[in-house]
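Throughout, read-outs are computed from the coordinates displayed, never taken from laboratory work. In this text, all values refer to a predicted model and were calculated from it rather than measured experimentally. Cβ placement follows ideal geometry from the backbone for every residue including glycine, while neighbour counts extend to all protein chains displayed.
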Amino acid sequence: MRRRRHRRAGRGRADRRGRRGRRGGPRRADRLGRARLLARSACLVVGNTGPAHLAAAVGTPVVSLYAPTVPFARWGPYAVPHVRLGDPDAPCRDSRAVTCTLPGHPCLGAIDPGEVAAAVARLIGSAS
């Protein structure tokens, strides 16, 4: 992504250790900071997780690396430009599985990094 002048802004799971509030969830300030960061972002590349929905809530386009374990029409990003990547007809479709038990992760394993970069370029181009 650096060659195309896109800056990665995410923090991995390792950075989140020790950043929990008293009730076990992220502190309110952390959530607000993430929302501000996403609101300033041109696009977010993410799996079907909370940050995808937070990005949609603040109007940031989403490249969704989406495993079809739940229906995309119901659980994918809403009301923002988005691109769905992943095999919607993979064997895990509508299984609600939390952990993949299939060798090679057929729903997401075939996504090429070039597809992700092209989706980002398309969304950034549509946002201009």
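Do we find that Asp87 is touching a Cys at 6+ places or on another chain (Cβ under 9 Å) and of a type outside the set (Lys, Arg) in this structure? Here the answer is yes, as Asp87 does meet what is asked. A search for C-beta distances below 6 Å between a residue of the range 97-113 that is without any contact (Cβ under 8 Å) to a residue 60 or more places away in the chain and any residue that is among the polar types (S, T, N, Q), counting only pairs 6+ apart in sequence or on different chains, returns Ala97/Thr69.
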